[in-house]
Amino acid sequence: MDRPPSASPPADPLVRYPNPTPRMHDLPKEMMPREEFERTGAANVPNDTLLAIILRSGLPGQNVSALARAVLQHFGGLDALAHTDYDELRAAKIKGLGRVKCLELAAALELGRRASAPEKNKHAVIREPQAVYTVMSPLTHNLEQEKFWVILLDTKSRMIGRPIEIARGTLDASLVHPREVFKKAIRCNAAAVILAHNHPSGDPTPSKEDIAITQRLIEAAKIIGIAVFDHLILGHPSDLRHGYISLREKQMVAFTIS
């Protein structure tokens with residue numbers, strides 16, 4: 001008995017690939033990220049298009065626009081992504097976001113952060129709490145994790161470089177170690193430092209641990225001859241409070257200077 005001819009594979013790609021992503025060259029030209037950018041201008045394209053241009057390429061079965069959307073979705077949008085660093089990008093293990101793409105994206109994000117800090121703050125005299133808050137608030141906007149920074153000052157209370165991130169996570173004495181806090185200060189010959197960290201809850205009220213860590217760092221600083229001017233805790237401003245609390249201003253700790 002003759003066998004019926006074998007059925008040819010279905011022509012519809014949806015049958016072979018349940019959830020295909022159109023290849024970039026199969027998209028209409030006006031939907032390609034670079035072409036859309038050139039056609040409408042940088043200010044008029046969505047975030048995923050800008051991110052797709054930075055990422056440049058996707059994977060087989062996943063075009064770069066789909067990869068860009070996956071990255072934004074994973075981190076919860078552009079605001080959260082803007083505070084992400086290389087280690088966090090690598091830890092995300094997003095398919096298509098390998099080592100090189102993580103490096104390139106982390107570099108682009110760092111450039112954005114540096115550009116968002118006014119150039120006049122680079123060597124600004126910074127001693128009063130409001131001046132510290134002006135420098136730090138762009139770094140803490142929408143952060144969902146506690147981070148601890150140290151600001152280095154020269155003998156005229158001018159900033160040396162940018163605030164240096166020392167630790168992240170729920171802060172305790174094991175994370176905020178004097179060695180890490182003052183290592184860069186010693187290397188840069190800083191005369192003084194200002195400490196700062198954020199409270200993701202938005203309430204800048206200091207905890208007992210915040211005060212204990214501050215006192216410990218002040219004692220360590222005395223040994224190496226570096227002054228600690230203040231410790232600012234940053235939250236969200238409201239009708240009832242500023243967006244920060246200065247431990248020096250509130251006289252909660254005895255700092256090196258009055």
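The values are calculated or read from the model by the stated rules, or taken from the named source; none is laboratory data. No experiment lies behind these values; they were computed from the predicted model shown. Note: ideal-geometry Cβ built from the backbone for every residue, glycine included; neighbour counts use all protein chains shown. Protein only, heavy atoms only, side chains kept; ligands, DNA and RNA dropped before computing areas. Shrake-Rupley method; radii C 1.70, N 1.55, O 1.52, S 1.80 Å.
Relative contact order of segment 121-258, taken over Cα pairs closer than 8 Å and 6 or more residues apart, is 24 percent. Shown are K101, K250, whose ranking by accessible area with a 1.4 Å probe and every protein chain present, most to least, is K250, K101. Ranked by solvent-accessible area (1.4 Å probe, protein heavy atoms only, all chains present), the residues C102, C188 order from largest to smallest as C188, C102. Taking the centroid of alpha carbons for each part, segment 65-87 and segment 168-215 are 28 Å apart. Beyond a 25 Å Cα-Cα separation, which of these cross-linked pairs lie in this structure: K147/K208; K95/K183; K183/K222; K183/K250; K208/K250; K156/K184? K95/K183; K183/K250, as the Cα separations exceed 25 Å there. Near I186, once Lys and Arg are set to +1 and Asp and Glu to -1 for all other residues with Cβ below 12 Å from its Cβ, the sum equals +3. The solvent-accessible area of E249, taken with every protein chain present and a 1.4 Å probe, is close to 110 Å². Summing charges over all other residues whose Cβ lies under 11 Å from the Cβ of I224, with Lys and Arg as +1 and Asp and Glu as -1, gives +2. Accessible surface comparison of K147, K184, K208, probe 1.4 Å, protein chains only, largest first: the order is K208, K184, K147.
Considering only protein heavy atoms and a 1.4 Å probe, what is the carbon-and-sulfur percentage of the accessible area of segment 177-258? It would help to have the intermediate numbers written out before the result.
Numbers: 2180 of 4200 Å².
It is 52 percent, rounded to a whole number.
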